[in-house]
Amino acid sequence: NPVVGYWDPLKLGEAEFWDNTNEETIGWLRHAEIKHGRVAMAGFVGFIVQANGIKFPWAPFNAITSTSPPEQWDQLPDAAKWQIILGVGFLEWWSEIRVDGTPHYMKGGKPGYVPDFDATPDQLPHWVGLNLYDPLKWSKGASAEKKQKGLLTELNNGRLAM
């Protein structure tokens, strides 16, 4: 962050976790920061949406009357809860494997990278749909400077949401 500068009070940037090198540890920490920032940003938007009473108009969501997230979770059917948990598990699994041949973030790859679903369609049981990053391919031809600025914006917004 250009405003705060480098700040590492716990000296995690010098650590070596689980018998990995310092470079691998930094890759793991950066990936975790980006991933948790994305989850926190999505959670913030979800909280704002549900706190304002916005919900899907079809069953089972139309029967949920509570406004707090824990009460809403309790009112969901078990099948819906499992669908959410397994969906998140799939996204975690997909972000860790490298079906497109890119290196893992702990082995010199790009932290925060999630392979596109359409990069290797033969590796999936069916077409998934839109990719997680840039689903409409608006930033496909963006310059390196614009991409770097977007990454910094994502990091800062994720830190703010966390």
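The values are calculated or read from the model by the stated rules, or taken from the named source; none is laboratory data. Because the structure is a prediction, the values reported are computed rather than measured. FYI the Cβ positions are ideal-geometry reconstructions off the backbone, even for glycines, and counts take in every protein chain you see. Each accessible area value is taken on the protein alone, full model and side chains, heavy atoms only, with ligands, DNA and RNA left out. Shrake-Rupley method; radii C 1.70, N 1.55, O 1.52, S 1.80 Å.
Cβ-Cβ distance below 9 Å, separation of 6 or more or different chains: which pairs start in the range 54-73 with a residue that is aliphatic (A, V, I, L, M) and end on one that is in a helix (DSSP H, G or I) and surrounded by 10 or more Cβ atoms within 10 Å (Cβ to Cβ)?
Matching pairs, first to second residue: Ile54/Ile48; Ala63/Gln75; Ile64/Glu71; Ile64/Gln72; Ile64/Gln75.
Which of the following residues is of a type outside the set (S, T, N, Q), farther than 30 Å from Pro77 by Cβ, at pLDDT below 90 and assigned to a helix (DSSP H, G or I): Gly27, Gly46, Gly5, Gly13?
Checking each option against the conditions leaves just Gly13.
Answer yes or no as to whether Pro115 is of a type outside the set (Phe, Trp, Tyr), in contact with a helix residue (DSSP H, G or I) (Cβ under 8 Å, 6 or more places away or on another chain) and more than 29 Å from Trp18 (Cβ to Cβ).
no
Taking only pairs six or more apart or across chains, which ones have beta-carbon atoms under 7 Å, a first residue in the range 22-41 that is closer than 12 Å to Tyr105 by Cα, and a second residue that is loosely packed, with under 15 Cβ neighbours inside 10 Å and among the aromatic types (Phe, Trp, Tyr)?
Partner pairs satisfying both residue conditions: Thr25/Phe17; Trp28/Phe17.
Listed residues Ala40, Ala15; which is within 23 Å of Glu92 (Cα to Cα) and open to solvent by less than 90 Å² (accessible area, probe 1.4 Å)?
Ala40
Would you point out the residue of the range 105-138, among those that are of a type in the set (Ser, Thr, Tyr) and within 22 Å of Ala40 (Cβ to Cβ), that is modelled with the lowest pLDDT?
Going through the qualifying residues, I end up with Tyr133.
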